[in-house]
Amino acid sequence: MARTDITPPRFSTVMVLSVLLALPTVGDAYAAARKKKGFITGITRTDQLPTRELRDARKRMVTNRRLSYRQMQALADRGDSLAALLIAKQLYAKPQLSNDALHYFTIAASAGRSGAVKPLVALVRRSDPTDANRKRLAAAEAALQAHAARGDDAAFEGLISAYRAGTPFENSASKYAEFRAKAADGGNATAALEEAISLMSQDNAPTRKKDIEAYLLFAERSDDLKTQSVAGALRRKLAASDLSANQKPGGVDE
């Protein structure tokens, strides 16, 4: 990569204070909160860095002073999620560097930074699942799973869309079934509708009629009008049918 000087975007006082070494109690609380949610702590204090050059670079970054791309990249490679987020935003605009952008957005997302989720999802959708890229995709998947577990809608939709499509993650079909069921039981309306459709397509559908009806009733309460409409139509079909083994329900697009 070319070594060019950059000026990081400005951040609010609250964001800066959350990572400043001068406020260790705030930094400790921030790190502890991320651990509870399954995130990786990474670098949260300047004194965690091994060299004076890196410590000085981080102080410049969190006080919004100029530093080189090389210095910021060195911080990101050490696990500083703020540096990783800043690097990733620059790489995102360059399609030829999308794999590197994926890597740095993953570092930021793995540390709990929700601002990295949407661009990470976009990069995952257009990623080529080559052998060389599998490790980075697995790390991105784990980061998105952590955000989805915290209730991030963008992370959930990105994962379930990828699992449904069967790419770029490995074993997507089995992951889709498991993820959809857990999300449906956890109260996600989209997943509840998809779980109901899946159950209605199975040979043992008659024995699961109450479960199917419960999922559809929940999906009908969704804020999304399409989800409401499809769930309502299927529930009416369910009420008028004995769900014979050979019967298949209509799809979401009906």
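If I stretch the segment between Leu217 and Thr130 completely, what's the gain in nm (0.36 nm per residue apart, minus their alpha carbon distance), one decimal?
Contour length minus Cα-Cα distance gives 27.2 nm.
Less than 5 angstrom separates the built amide H of Leu67 from those of Ile6, all sequence-distant by 5 or more or on a different chain.
Ligands, DNA and RNA left out, the 1.4 Å accessible surface of the range 43-105 is 44% carbon and sulfur atoms. I want to verify the translational diffusion coefficient of the range 159-240 in µm²/s; compute it with Stokes-Einstein, Rh as the Kirkwood radius over Cα pairs, at 10 °C and 1.306 mPa s. In µm²/s, the coefficient rounds to 124.
Between Ala142 and Ala239, the simple label model (points 7 Å from Cα in the Cβ direction) yields a spacing of 4.8 nm. Rounded if a/c is under 1.5, else prolate if a/b beats b/c, else oblate: with a ≥ b ≥ c from the C-alpha gyration tensor eigenvalues square-rooted, which is the range 71-179? Judged from the Cα gyration tensor, the range 71-179 comes out prolate (a/c at least 1.5, a/b above b/c). Taking Cβ atoms as reference points and 14 Å as the exclusive limit, the residues near Tyr163 contribute a net charge of -1, counting Lys and Arg as +1 and Asp and Glu as -1. A Förster radius of 45 Å, combined with the Cβ-Cβ distance separating Lys94 from Leu225, puts the computed FRET efficiency at roughly 0.75.
The values are calculated or read from the model by the stated rules, or taken from the named source; none is laboratory data. Everything quoted here is computed from the prediction, not taken from an experiment. For neighbour counting, all protein chains shown are included, and Cβ atoms are generated from backbone atoms with ideal geometry for every residue, glycine included. Side chains are part of the model used for accessible areas, which takes the heavy atoms of the whole protein and leaves out ligands, DNA and RNA. Shrake-Rupley method; radii C 1.70, N 1.55, O 1.52, S 1.80 Å.
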